[in-house]
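The next block holds one structure in the form of structure tokens; read it before the comments.
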Amino acid sequence: MFGDKALKIIFDGRHPYIYQQKMPSKKEILNKLKILIARKFDSDKEAFDFFNKNGNTTLEKSELKKLLQDAGVGWITDEIAARQIIAKFDDDKNSSLSWKEFKKAIKALADEENW
Ligand SMILES: [Ca+2]
Ligand SMILES: [Ca+2]
């Protein structure tokens, strides 16, 4: 279902509003992440620790989403991208990314063009 468009429909009680955003490619997301990390952190690990707000050993979807938002991924596509990244790189299937999985994700995002 992942084409290049992401849609979100919001009701204000009377009217539906349809928002549409272009889904960024993996490479675009990776570039954004790399820029964020280079600007604000000394290393990938420091970024991981910073966004691991609850101080456990993994980035949950909400934490990963915040990271993507801070990197400038749009507010519709951040949710989809976070879900996709976890679905793809969560090797032990605990619905979140350990440091090891996160590292692998950063590395692998560079290798593939699209979702
Ligand atoms: Ca966490
Ligand atoms: Ca995991």
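Scan the stretch 41-65 residue by residue and report those that are of a type outside the set (Asp, Glu) and surrounded by 18 or more Cβ atoms within 10 Å (Cβ to Cβ). Residues satisfying the conditions are Ala47, Phe48, Phe51, Asn52, Thr58, Leu59, Leu64, Lys65. Residue count for the stretch 66-91, restricted to those that are crowded, with 18+ Cβ neighbours inside 10 Å, within 16 Å of ligand 2 (Cβ to nearest atom) and within 24 Å of Ile9 (Cβ to Cβ): 3. Applying the criterion of being modelled with pLDDT under 85, basic (Lys, Arg) and outside any strand (DSSP E or B) to the residues of the stretch 1-30, the residue that is surrounded by the fewest Cβ atoms within 10 Å (Cβ to Cβ) is Lys27. No other residue among Ile29, Ile86, Ile35 is out of contact with any Ser or Thr (no Cβ under 9 Å at 6 or more places or on another chain) and among the hydrophobic types (A, V, I, L, M, F, W, C) apart from Ile35. Scanning the stretch 88-110 for residues that are over 15 Å from Lys32 (Cα atoms) and either of a type in the set (D, E, K, R) or at pLDDT below 90 (or both) turns up Lys88, Asp90, Asp91, Asp92, Lys93, Lys100, Glu101, Lys103, Lys104. Lys107 satisfies every condition listed in (1) assigned to a loop (DSSP other than H, G, I, E, B); (2) under 29 Å from Leu7 (Cα atoms) except (1).
Taking the conditions (1) more than 16 Å from Phe102 (Cβ to Cβ); (2) surrounded by 17 or more Cβ atoms within 10 Å (Cβ to Cβ) in turn, Ala38 satisfies each one other than (2). Filtered by the rule that a residue be of a type in the set (A, V, I, L, M) and in contact with an Asp or Glu (Cβ under 6 Å, 6 or more places away or on another chain), the stretch 43-96 gives a lone residue, Leu68.
Filter the stretch 83-101 down to residues that are in contact with a strand residue (DSSP E or B) (Cβ under 7 Å, 6 or more places away or on another chain) and part of a helix (DSSP H, G or I) and give me whichever is nearest to ligand 1 (Cβ to nearest atom). Looking at residues that are in contact with a strand residue (DSSP E or B) (Cβ under 7 Å, 6 or more places away or on another chain) and part of a helix (DSSP H, G or I), I get Ile86.
The values are calculated or read from the model by the stated rules, or taken from the named source; none is laboratory data. Bear in mind the structure is a predicted one, so any value in this text is a computation, not a measurement. Heads up, the Cβs are rebuilt from the backbone with ideal geometry, glycines too, and the neighbour counts pull from every protein chain shown.
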